[in-house]
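Just below is one structure, and these are the notes that go with it.
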Amino acid sequence: MLETFIVPDLDVHALASATENIWEYAMCDRNPLSRWSFGRVTLMGDAAHPMYPYGGSGAAQAILDAKSLAVQLVRANGDVAGALVAYEQERRDKANSVVMSNRQGGPERVIDFVVSRLSGSNADIEEVAPFEERKAIVHGYAQIAGYAADQLRSTA
């Protein structure tokens with residue numbers, strides 16, 4: 001199998017043979033947590049919802065967590081524990097839906113969609129996968145992830 005892996009202008013086999021240590025990092029996630037906040041302590045970002053890194057989703061969810069947490073802390077009038085519960089209630093199900101969605105791929109799943117419909121090298125992409133269908137896949141992911149343009153405009 002390795003013999004068939006060829007990169008033009010690069011001797012991959014020589015490179016791999018000359019490499020003393022090769023480290024492999026598996027992409028992984030964890031099942032969604034039922035709770036993030038414990039008194040005056042809470043989780044956010046990867047600590048709260050580790051996910052496959054599709055479409056910058058981990059970083060985006062951490063940013064959305066931070067925004068929510070900041071807003072809740074300002075509104076809390078000193079009730080930190082209450083603010084953390086409000087933050088968790090606002091964010092947990094949303095972030096967990098991204099974790100679950102990423103198990104089927106991120107916005108890049110549009111590539112798999114197009115490839116599944118192509119039958120030959122001369123296929124016209126607009127015929128097999130029209131722009132509106134491709135746009136719906138990417139926009140659908142952005143909606144789940146919470147950073148679709150219409151969502152961002154409504155919270156600005």
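Data overview
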{"item": "Max mean-square fluctuation residue, GNM over the chain, Cα-Cα springs under 10 Å, options MET27, MET44, MET100", "result": "MET27"}
{"item": "Size of charge dipole - the chain - debye, nearest 20, with Cβ of Lys, Arg +1 and Asp, Glu -1, no other charges", "result": "1020"}
{"item": "Within a Gaussian network of the chain (alpha carbon springs, distance under 10 Å), most fluctuating of SER116, SER17, SER34", "result": "SER17"}
{"item": "Cα-based helix-to-principal-axis angle, 57-75 vs the chain, degrees rounded to 10", "result": "10"}
{"item": "Within the accessible area of the range 41-84 (1.4 Å probe), percent carbon and sulfur", "result": "65"}
{"item": "Peptide ranges 104-113, 125-134, 51-60 listed from the most packed, as the mean C-beta count within 10 angstrom indicates", "result": "51-60, 104-113, 125-134"}
{"item": "Candidates ALA95, ALA76, ALA48, ranked by Gaussian network fluctuation over the chain, Cα under 10 Å, top entry", "result": "ALA76"}
{"item": "Sequence-separation-based contact order of the chain, relative, with Cα cut under 8 Å and 6+ spacing, percent", "result": "20"}
{"item": "Per-residue HN-Hα couplings for the range 78-89 [Karplus 6.51, -1.76, 1.60; θ = phi - 60°; Hz; x = Gly/Pro]", "result": "x, 8, 4, 4, x, 4, 5, 5, 5, 4, 4, 5"}
{"item": "For the chain, with +1 on Lys and Arg beta carbons and -1 on Asp and Glu, the positive-most of VAL71, PHE113, PHE131 along the dipole", "result": "VAL71"}
{"item": "Separation between Cα centres of the range 104-134 and the range 30-64, rounded to whole Å", "result": "31"}
{"item": "Volume per residue that the Cα convex hull of the range 20-156 spans, once the total is divided by residue count, Å³", "result": "149"}
{"item": "Value at 222 nm in deg cm²/dmol, rounded to 500, when DSSP H runs of n ≥ 4 in the chain each add -39,500 (n - 2.57)", "result": "-16500 deg cm²/dmol"}
{"item": "Average accessible surface area per residue within the range 2-156, 1.4 Å rolling probe, Å²", "result": "67"}
{"item": "Computed lengthening from SER116 to ARG75, 0.36 nm per intervening residue step minus Cα-Cα distance", "result": "9.9 nm"}
{"item": "FRET E, pair ALA136, ASP46, Förster distance 22 Å, beta-carbon r, rounded to 0.05", "result": "0.15"}
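The values are calculated or read from the model by the stated rules, or taken from the named source; none is laboratory data. Quick caveat: nothing in here was measured; it's all calculated off a predicted structure. Backbone-built Cβ (ideal geometry, glycine too); neighbour counts: all protein chains shown. Note: areas computed on protein heavy atoms with side chains; ligands, DNA, RNA excluded. Shrake-Rupley method; radii C 1.70, N 1.55, O 1.52, S 1.80 Å.
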